[in-house]
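Novice: Dumping the structure here so I can ask a few things about it.
Taken together, the values in this text are just the output of simple stated rules run on the coordinates, not laboratory data. These numbers were taken from a predicted model, which means no experiment stands behind them. Counting neighbours? That spans all protein chains shown, and the Cβs are built from the backbone with ideal geometry, glycine included.
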Amino acid sequence: MEVRELTCIGCPLGCQLTVTMGNDEIKVEGNTCPRGEAYAKKEVTNPTRIVTSTVRVEGGTIERTLTVHLREKRQKFPHF
């Protein structure tokens, strides 16, 4: 069995969720509304969040900060 801890983003409460996966079953605990369970199941089976950051551009005509994000889905590593 694999256990993951998530913070729900389905509503403003931000519930702390515990998701247990095993035997073709996903169990969600800690949610206070149905949106939390739906979010947790979706996040552990098909994550869709996009990682965004900013980078400073140097040496151009205008020094500025640009927003960047990953173009393709990155491989998950066990330690993340």
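Novice: For region 1-63, which GluC sites (Glu not before Pro) pass both filters: DSSP loop (anything but H, G, I, E, B) and at most 10 other C-beta atoms within 10 Å?
Specialist: Details: sites: E2, E5, E25, E29, E37, E43, E58, E63; in loops: E58, E63.
Passing both the DSSP loop test and the Cβ count: E58, E63.
Novice: Tally Lys/Arg at +1 and Asp/Glu at -1 over every other residue whose Cβ is under 12 Å from the Cβ of V3; what's the total? Walk me through the numbers before you get to the answer.
Specialist: Working: positive: R4, K27; negative: E2, E5, E29.
The answer is -1.
Novice: Among L66, L6, L17, which comes first, second and so on when ranked by fewest other beta-carbon atoms within 10 Å?
Specialist: Ascending number of Cβ neighbours within 10 Å: L66, L6, L17.
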